[in-house]
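Asker: This structure is in structure tokens; I'll ask about it shortly.
The values are calculated or read from the model by the stated rules, or taken from the named source; none is laboratory data. The structure displayed is predicted, hence computed values, not measured ones. So basically every Cβ, Gly included, is an ideal-geometry build from the backbone, and we count neighbours across all protein chains shown. Just so you know, the surface numbers come from the protein's heavy atoms only, side chains and all, with ligands and any DNA or RNA stripped out. Shrake-Rupley method; radii C 1.70, N 1.55, O 1.52, S 1.80 Å.
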Amino acid sequence: MTTMVYEKSALGFNEFITDKRTLGVRERQVLLLVNGVRKLDDLEKFFKKELLVDTIRKLESEGYIQLPIEQQQQKNQQQAEHTNAFPVTLSFLDTPDTAEPICPAKLAAVKTILIEAADDYLGIMGRGIKAKIEACDNEDNLRQCVSSWHMAMRESKLGRESASFLMEQIHQTLENKIVDGDRSHHPAH
């Protein structure tokens, strides 16, 4: 934590621009010294470590300071690596083993959705996942890809809002038993 560098958010800058004070004296002192360059251990020269850590946590949780984008991504990546140890299972992908093997058209369609979303929303962070998706050739692999892709999307600022919509699209693609151009609607059983 001590090598982390925080920067003021818009809310943090506002604290000094407007006449309205929302923070206590110590919080304002810490906020004033947070400048996107100073590391937390530099700030320890001015404040007791315990007080500093508590104040920084409070300022971050209330949105006065934030980690610069690069550090947020590193932090997200570390969290993602930690959470990937416990893969999330997505209920609709848990089809019984007796299910017929996935048809190549469906596999290709789902892979396209995943790859395009990885390009659009995950950027550099999505490279590893994209390589896995491209290499995947069966339903089990696909399930694993979808679950790590979904996790990355939820971690990503841009992807978060689109993740559930895209999951729905993937779900419908997999549920859709009609192959190729046959779009006629079969009555529900």
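Asker: Can you pull out the residues in segment 58-71 that are open to solvent by less than 50 Å² (accessible area, probe 1.4 Å), in a helix (DSSP H, G or I) and either at pLDDT below 90 or closer than 16 Å to Ser156 by Cα (or both)?
Answerer: Gln71
Asker: Now for a different question. Would you mention how many residues in segment 12-33 are open to solvent by 70 Å² or more (accessible area, probe 1.4 Å) and among the β-branched types (Val, Ile, Thr)?
Answerer: 3
Asker: Taking segment 72-81 as the search range and keeping residues that are open to solvent by 70 Å² or more (accessible area, probe 1.4 Å) and touching a helix residue (DSSP H, G or I) at 6+ places or on another chain (Cβ under 8 Å), which one is modelled with the highest pLDDT?
Answerer: Within segment 72-81, the match that is modelled with the highest pLDDT is Gln77.
Asker: Let me ask something additional. Looking only at segment 136-146, decide whether some residue is without any contact (Cβ under 8 Å) to a residue 24 or more places away in the chain and either part of a helix (DSSP H, G or I) or open to solvent by 50 Å² or more (accessible area, probe 1.4 Å) (or both). Can you show your working first?
Answerer: At the first step, the residues of segment 136-146 found to be without any contact (Cβ under 8 Å) to a residue 24 or more places away in the chain are 140-141.
Then keep just the ones that are either part of a helix (DSSP H, G or I) or open to solvent by 50 Å² or more (accessible area, probe 1.4 Å) (or both); that gives 140-141.
Yes, segment 136-146 contains at least one residue that is without any contact (Cβ under 8 Å) to a residue 24 or more places away in the chain and either part of a helix (DSSP H, G or I) or open to solvent by 50 Å² or more (accessible area, probe 1.4 Å) (or both).
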